[in-house]
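What follows draws every value from the coordinates through simple rules; no lab data is involved. All figures in this text were calculated on a predicted structure; none of them were measured in a lab. Positions of Cβ are generated from backbone atoms using ideal geometry, with glycine treated the same way; all protein chains shown enter the neighbour counts.
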Amino acid sequence: MLYHLREAQRAVLQPLASWADSMGHLYGDPYSPLALTPFANRISAGFELLHRLGKDYEKPEFGLSTTYIEGLEVPVAERVEIGLPFCRLLKFERLLPKSLAHRASDPVVLVFAPLSGHHATLLRDTVRALLPDHNVYITDWIDARMVSTWHGPFTLDDYVGYSIRFMRHLAPDLHVLAVCQPTVPVMAAVSLMAAMKDPHMPSTMTLMGGPLDTSNSPTRVNDLATTRSYDWFERVLIHRVPSRYPGSGRRVYPGFLQRAGFVSMNPDRHMISHWDFYLDLVRGDLEDAEAHRRFYDEYNAVLDMPAEYYLDTIRTVFQERALANGSWDVEFEGRLRRVEPDKIRDVALFTIEGELDDISGPGQTEAAHSMCSGIPAASKSHMMVEGAGHYGIFSGRRWRQTICPEVRAFIAANRRESQLRLVS
């Protein structure tokens with residue numbers, strides 16, 4: 001019922017948002033007579049703010065059409081490598097000129113984007129910084145409301161299965177990088193592959209800001225997941241998709257509830273940001289205003305998560321801490337398999353955390369080192385980024401200038417001999 005009420009609200013707000021957008025242009029366009037009226041800039045700014053508060057935010061584009069390699073501008077084409085019901089594996093194909101043909105053998109990096117509310121485009125800056133030196137792929141998760149119930153449920157075990165399928169497809173010169181929530185299923189996938197002696201193992205595993213062991217530096221996110229019962233999450237947060245969408249009838253954790261949760265963590269910060277946006281428009285500070293638009297175009301674009309996957313994550317990752325406790329069994333290829341990270345031997349491990357991370361606290365990701373006891377110490381690295389919050393470890397200045405160079409060096413130092421022979 002709540003989802004249907006939300007749809008009714010959308011039906012009311014959409015015409016209002018469109019009207020506010022039109023009025024904002026009437027008062028803001030220099031060629032409009034209304035732009036000459038007193039206080040026109042304030043009126044235009046107010047209408048634009050109203051428009052942005054009431055509009056629907058669709059999934060943004062990655063918009064990565066070029067990159068620079070050895071000082072040359074190189075076109076980039078985005079294409080679907082593998083299409084599955086709940087996820088597309090995207091490749092950012094660098095259209096190399098003949099003078100850069102030798103760069104086709106750059107290492108392959110598979111970026112696992114979170115399935116936790118926002119679209120994979122949230123990692124745009126991650127991909128952009130990796131592109132000059134790597135062949136980059138990313139998991140582009142599909143909004144569950146757009147997936148027909150004919151495709152069945154999607155669970156945390158299915159995420160592990162998707163991960164293994166993608167890694168097998170991209171091996172042998174493969175390096176995986178998981179940001180936030182997927183650190184857990186990606187470690188599980190690599191653990192299962194190691195136990196099965198799978199020949200398609202990645203060379204490196206970089207885990208960034210993930211909840212591998214939530215007993216370390218618990219955050220408000222961890223507290224919420226453990227102070228409420230599993231039944232509460234299922235009863236209060238799970239709803240069925242309305243009939244107007246292809247996934248009609250599917251049980252989901254709706255994106256609009258997730259966005260409300262994001263905002264509730266720092267409501268004052270968002271109110272101040274919107275007020276500053278209004279003042280920037282009034283003053284004509286177009287650069288800061290555009291930065292606000294870009295941020296909230298991404299922040300407000302959310303997707304529905306499959307109910308089974310969300311509830312599995314609450315129980316397995318946060319309430320039972322099954323990975324940290326060594327009690328996690330994953331159904332894969334028709335049988336239950338125990339996740340045993342200590343079986344991983346030949347995969348180099350790099351963990352990255354932000355000092356001020358309020359989503360996955362310091363120590364939660366570093367716990368991977370004790371779990372992966374089979375990896376030699378010489379093949380393990382850890383990085384604590386001073387002054388960085390959760391988003392700062394994969395986006396922004398610290399990511400580009402401090403973290404990404406370390407990731408690049410780590411990957412280059414841990415390419416296997418067979419891969420290096422292919423390059424030479």
**Message:** Can you give the FRET efficiency to the nearest 0.05 for R338 and A412, using r as the Cβ-Cβ distance and R₀ = 51 Å?
**Reply:** 0.90
**Message:** Using C-alpha positions alone, give me the convex hull volume of the stretch 303-424 per residue in cubic angstrom.
**Reply:** 173 Å³
**Prompt:** Where in the chain lies the longest segment free of trypsin sites (Lys or Arg not before Pro) that are both loop residues by DSSP (not H, G, I, E, B) and have at most 13 other Cβ atoms within 10 Å?
**Reply:** 1-196
**Full-stretch length increase - H382, R283 - with 0.36 nm per residue and alpha-carbon distance subtracted** = 31.2 nm
**Item:** Convex hull of Cα atoms in the chain, direction-averaged projection (nm²)
**Value:** 22.5 nm²
**Asked** Between L5 and V236, 0.36 nm times their residue separation minus their Cα-Cα distance comes to what?
**Response** 81.7 nm
**Message:** Using only alpha-carbon positions, what ratio does the radius of gyration of the stretch 182-336 give when scaled by 2.2 N^0.38 Å?
**Reply:** 1.34
**Item:** Taking C404, C372 and counting other C-beta atoms within 10 Å, the order from fewest to most
**Value:** C404, C372
**Asked** Using the C-alpha gyration tensor of the stretch 181-230, what are the square roots of 5 times its eigenvalues, in whole angstrom, with the largest one first?
**Response** 29, 12, 7
**Message:** With 10 angstrom as the radius, rank L72, L50, L130, L170 by how many other C-beta atoms surround their C-beta, starting from the fewest.
**Reply:** L72, L50, L170, L130
**Complete:** For the stretch 285-403, percent of DSSP beta bridges that are antiparallel (nearest 5) comes out at 40 percent
**Request:** Set the Förster distance to 25 Å, then compute FRET efficiency between R79 and H102 from the Cβ-Cβ distance, nearest 0.05.
**Result:** 0.65
**Message:** Quick check on my link table: of K91/K343; K91/K380; K197/K380, which ones sit more than 25 Å apart, alpha carbon to alpha carbon?
**Reply:** K91/K343; K91/K380
**the chain: antiparallel DSSP beta bridges as a percent of all, rounded to 5** = 50 percent
**Complete:** If each K or R counts +1 and each D or E counts -1, the residues other than S22 whose Cβ falls under 13 Å of its Cβ total -2
**Complete:** Expressed as a whole-number percentage, the relative contact order of the stretch 221-307 with C-alpha contacts under 8 angstrom and at least six residues apart is 31 percent
**Request:** Show that you can apply the helix-only estimate: for the chain, add -39,500 (n - 2.57) for every DSSP H stretch of four or more residues, divide by all residues, and state [θ] at 222 nm to the nearest 500.
**Result:** -12000 deg cm²/dmol
**Request:** Sort H151, H369 so the one with the fewest other Cβ atoms within 10 Å of its own Cβ comes first.
**Result:** H151, H369
**Request:** Over the alpha-carbon set of the stretch 299-372, divide Rg by the Kirkwood Rh and report the Rg/Rh ratio to two decimals.
**Result:** 1.01
**Request:** Quick one: go through the stretch 355-370 and flag any residue whose amide nitrogen is under 20 Å from the point 7 Å out along the Cα-to-Cβ line of D276.
**Result:** 356-359
**Request:** Translational diffusion coefficient, Stokes-Einstein: compute it for the stretch 106-239 using the Kirkwood radius over C-alpha pairs as Rh, at 4 °C and 1.567 mPa s, and state it as an integer in µm² s⁻¹.
**Result:** 79 µm²/s
**Overall dimensions of the stretch 36-168 as given by Cα atoms, namely Rg and Dmax in Å** = 19.7, 64
**Fill in**
Per residue, the convex hull enclosing the Cα atoms of the stretch 244-328 spans a volume in Å³ of 140 Å³
**Complete:** Counting only DSSP beta bridges with both partners in the stretch 1-146, the antiparallel fraction in percent, to the nearest 5, comes to 80 percent
**Asked** For the chain, what is the relative contact order in percent, using Cα pairs closer than 8 Å and at least 6 residues apart in sequence?
**Response** 18 percent
**Request:** Using only alpha carbon pairs under 8 Å that are at least six residues apart, calculate the relative contact order of the stretch 95-233 and give it in whole percent.
**Result:** 25 percent
